[in-house]
1. Say the cut-off is 25 Å between C-alpha atoms; which of LYS121/LYS190; LYS190/LYS219; LYS104/LYS132; LYS104/LYS242; LYS104/LYS219 go over it?
2. Could you give the Stokes-Einstein D for the stretch 1-150 in µm² per second, using the C-alpha Kirkwood radius, 4 °C, 1.567 mPa s?
3. Under a point spin-label approximation (7 Å from Cα along Cα-to-Cβ), what is the TYR17-GLN279 distance to one decimal in nm?
4. For the stretch 107-168, give the percent of accessible area contributed by carbon and sulfur heavy atoms, probe 1.4 Å, rounded to a whole number.
5. Give the carbon-plus-sulfur fraction of the accessible surface of the stretch 282-338 in %, rounded to a whole number; probe 1.4 Å, heavy atoms of protein chains only.
6. Rolling a 1.4 angstrom probe over the protein heavy atoms, how many square angstrom per residue are accessible across the chain?
7. Just name one of SER232, LEU192, TYR177: the one whose Cα is farthest towards the positive end of the charge dipole of the stretch 153-245 (beta-carbon charges, Lys/Arg +1, Asp/Glu -1).
8. Which value, in debye to the nearest 20, gives the size of the charge dipole of the chain about its Cα centre, when Lys and Arg are +1 and Asp and Glu are -1 at the Cβ?
Amino acid sequence: MLTTEPNPLYRPSPSRYENMPYPRCGRSGLRLPALSLGLWQNFGGVDSLSNARAMIQKAFDLGITHFDLANNYGPPYGSAETTFGQVFQQDLAPYRDELIISNKAGYDMWPGPYGIGGSRKYLIASCDQSLKRTGVEYFDIFYSHCMDPETPLEETMGALDTIVRSGRALYAGISNYTPEKTREAIAILKSLGTPLLIHQPRYNMLDRWIEDGLTDVLKEEGVGSIVFSPLSQGVLTNKYLKGIPDGSRASRSEQIYLSENDIGADRLRKAAALNEIAQERGQSLAQMALAWVLNNDAVTSAIIGASRPAQIEDSVEALNNREFSTEELDRIEGILAA
């Protein structure tokens, strides 16, 4: 076992593995941290590099070994990869074998017909570009970020198989696929000899679509899952209980996936009622929301976002109270169904 730290500039916490659970991803040999750090927001070219570095360091210090990227994370597109690459080279390169670094392609990335979709040309070209921007030799997981109805699924899965067999990635994943297409993708990859490791769907208290068939498919087939937006982009936090504060994500004009229209009166009413249960549990609403998604036995890990290191610490504290009583779960169901 290594007993000296190879990087004099950054020494991760020696206790980083003491408190973080690492559940097995489906029936594979890979274990993921219960919480993973997503670099979708606040790691782009418009954001502070020093703050991004502090967040990545804090995550690793707390046992978060998995960093989730995509080609178009930013803004601008590609800049989150560049940010991560800078921090990786400066701080984390000596610890590469302790890390899970994932990337994706599928949504729009560059102009023209070859910069979007599920074609072999786009996925492999995008993977090569992402490797250059991040400066890593391989990704641990590479995903088809979304289903492309205009490309045969055999072509998309064949591209993932090539990416794995060529050494560009170790495992194949998919994201935002329906239960039916997930089962098809699993069968195709199995026939190619590259099993599907993981599915990355959106899942939170306010968006439970995966419970309508997808979780059954994943458990039956032994595929893990890592859920994104477990806090419904901040709605399941204390941030919006009294409206939209200045400087929040919903108030920023460049954020196209969250606006005032996403924070309606019904959602805020449910969040306020859920917050009462969280307070009784001695948790923040965000902590309870994280514990709740991890309570689903089909969920391997949940992707958290952050705008500062303290938010990562707060999220990790959710792991100290992951159990729910039957009464609590019934009350939560009543609120969500109302």
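The values are calculated or read from the model by the stated rules, or taken from the named source; none is laboratory data. Because the structure is a prediction, the values reported are computed rather than measured. Glycine also receives a Cβ, built like all others from the backbone with ideal geometry; neighbour counts cover every protein chain displayed. For the accessible areas, the whole protein counts, side chains as well, though only heavy atoms, and no ligand, DNA or RNA atoms are used. Shrake-Rupley method; radii C 1.70, N 1.55, O 1.52, S 1.80 Å.
1. Check vs 25 Å cut-off fails for LYS104/LYS242.
2. In µm²/s, the coefficient is 80.
3. 4.1
4. That share works out to 54 percent.
5. 43
6. 43
7. SER232
8. For the chain, the charge dipole is close to 600 debye.
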